[in-house]
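The values are calculated or read from the model by the stated rules, or taken from the named source; none is laboratory data. Worth saying up front: this structure is predicted, and the values here are computed from it rather than measured. When we count neighbours, we look across all protein chains shown, and the Cβ atoms used for this are built from the backbone with ideal geometry, even at glycine. Ligands, DNA and RNA are stripped out before the accessible areas are found, and what is left, the full protein with its side chains, is counted by its heavy atoms. Shrake-Rupley method; radii C 1.70, N 1.55, O 1.52, S 1.80 Å.
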Amino acid sequence: MRMDPATMVVQALVTGAAAGFGGAASTAVTDSYQALKQALAARLAGRPQVLEQIRVLERRPGGPTGHLVHDLVVTEAVDTQVVECAQRLLALLDPAGTHAGAGRIDLREAQGVQVGDGNTQHNTFG
């Protein structure tokens, strides 16, 4: 199953938070999770409400994520670096799923593209 980049990033955050830290997670997982959070924090500078959603997600990884996915899309926080960090974390946490292609999207030089289900796009040319 393929997913849009923002959903994949949130899935990586949820999976990383659920994996726990300290003794439960390897150093590589912890480092990858922190790298993803730092990349998002850099992209979300000046948007404390979105950063707070990530902190809430850490405390309750099973909670609702729809608003966070939406806010990551609206703020354009998901860039190549964020996607790569998310993919790296998911690869560590679920190597079989990642190697099967789940969550991998290549939109290099794409324009006017939407990924996912239930999208609506309105284009005005001219």
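Somewhere in the stretch 81-98, is a residue among the small types (Gly, Ala, Ser) and modelled with pLDDT under 75? Checking the stretch 81-98: at least one residue is among the small types (Gly, Ala, Ser) and modelled with pLDDT under 75.
Taking the conditions exactly as written (touching a helix residue (DSSP H, G or I) at 6+ places or on another chain (Cβ under 9 Å), at positive phi and not basic (Lys, Arg)), does Glu58 satisfy them or not? Judged against the criteria, Glu58 is not a match.
The conditions of being assigned to a helix (DSSP H, G or I) and surrounded by fewer than 17 Cβ atoms within 10 Å (Cβ to Cβ) are met by Ala28.
There is no residue in the stretch 17-24 that is of a type in the set (A, V, I, L, M, F, W, C), modelled with pLDDT of 95 or more and part of a helix (DSSP H, G or I).
Would it be correct to say that Ala28 is hydrophobic (A, V, I, L, M, F, W, C), touching a residue at least 12 places away in the same chain (Cβ under 8 Å) and in contact with a Pro (Cβ under 6 Å, 6 or more places away or on another chain)? Steps first, please.
Values: hydrophobic (A, V, I, L, M, F, W, C): yes; touching a residue at least 12 places away in the same chain (Cβ under 8 Å): yes; in contact with a Pro (Cβ under 6 Å, 6 or more places away or on another chain): no.
No, not satisfied.
When we screen Ser26, Ser32 for residues that are among the hydroxyl-bearing types (Ser, Thr, Tyr), in contact with a helix residue (DSSP H, G or I) (Cβ under 6 Å, 6 or more places away or on another chain) and under 20 Å from Pro95 (Cβ atoms), the only hit is Ser32.
With Ala86, Ala39, Ala77, Ala45 as the choices, which residue is more than 14 Å from Thr7 (Cα to Cα) and surrounded by 14 or more Cβ atoms within 10 Å (Cβ to Cβ)? Break it down stepwise before answering.
Values: Ala86 fails: more than 14 Å from Thr7 (Cα to Cα); Ala77 fails: more than 14 Å from Thr7 (Cα to Cα); Ala45 fails: surrounded by 14 or more Cβ atoms within 10 Å (Cβ to Cβ).
Selected residue: Ala39, the only one of Ala86, Ala39, Ala77, Ala45 that is more than 14 Å from Thr7 (Cα to Cα) and surrounded by 14 or more Cβ atoms within 10 Å (Cβ to Cβ).
One residue stands out among those in the stretch 60-70 that are open to solvent by 60 Å² or more (accessible area, probe 1.4 Å) and in a helix (DSSP H, G or I): the one that is nearest to Glu84 (Cα to Cα), which is His70.
Going by what's in this entry, would Leu57 be described as modelled with pLDDT under 95 and surrounded by 21 or more Cβ atoms within 10 Å (Cβ to Cβ)? Criteria not met by Leu57.
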